[in-house]
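The values are calculated or read from the model by the stated rules, or taken from the named source; none is laboratory data. Keep in mind it's a predicted model, so treat the numbers as computed, not measured. In this analysis, Cβ positions are derived from the backbone assuming ideal geometry, glycine residues included, and neighbour counts consider all displayed protein chains.
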């Protein structure tokens with residue numbers, strides 16, 4: 001199962017996420033849940049850098065199945081607003097996936 005953990009504060013502002021595991025919803029190369037989760041995750045990382053100019057701190061597993069993205073919390077309000085829109089969009093996409101594929105992907109929050 002893929003576990004998506006959103007790191008957020010008491011105001012539900014997000015400042016990073018971690019994705020771990022494998023969906024195993026089909027054979028390797030045909031796993032649409034895995035492909036969807038990867039597309040959402042890497043699209044989010046690219047959007048953060050392109051739209052906000054913030055360079056996320058990234059940790060990846062050598063064999064796949066792990067991505068950790070840490071973001072600064074001391075951003076100016078305009079940059080933070082853009083960042084929150086991007087992260088909220090990502091959360092909505094993962095939430096939509098969990099609604100249809102809850103046997104293969106889950107969404108959690110970690111209060112930081």
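Things to note:
- Filter result for residue 32 (exposed (fewer than 14 other Cβ atoms within 10 Å of the Cβ) and over 12 Å from the mean Cα position of the chain (by Cα)): yes
- Where residue 25 falls short, out of the listed (1) under 22 Å from residue 110 (Cβ atoms); (2) buried (at least 18 other Cβ atoms within 10 Å of the Cβ); (3) at pLDDT below 95: (1)
- Long-range neighbours under 6 Å by Cβ, at least six apart or interchain, first residue part of a helix (DSSP H, G or I) within the stretch 19-34, second buried (at least 16 other Cβ atoms within 10 Å of the Cβ): 33/23; 33/25; 33/101; 33/104; 33/105; 34/23
- In this entry, residue 17 is excluded by the filter for residues that are under 10 Å from the mean Cα position of the chain (by Cα) and surrounded by fewer than 18 Cβ atoms within 10 Å (Cβ to Cβ).
- Filtered by the rule that a residue be exposed (fewer than 14 other Cβ atoms within 10 Å of the Cβ) and free of Cβ contacts under 8 Å to residues at least 40 places away in the same chain, the stretch 65-83 gives 74, 76, 77, 78, 81.
- Here residue 67 passes the criteria (1) modelled with pLDDT of 95 or more; (2) closer than 18 Å to residue 1 by Cα; (3) more than 15 Å from the chain's Cα centre (by Cα) except the one numbered (3).
- Filter result (more than 14 Å from the chain's Cα centre (by Cα) and either at pLDDT 95 or above or in a helix (DSSP H, G or I) (or both)) within the stretch 1-14: 1
- The stretch 54-64 - residue that is over 14 Å from the mean Cα position of the chain (by Cα) and closer than 22 Å to residue 9 by Cα and, of those, surrounded by the fewest Cβ atoms within 10 Å (Cβ to Cβ): 55
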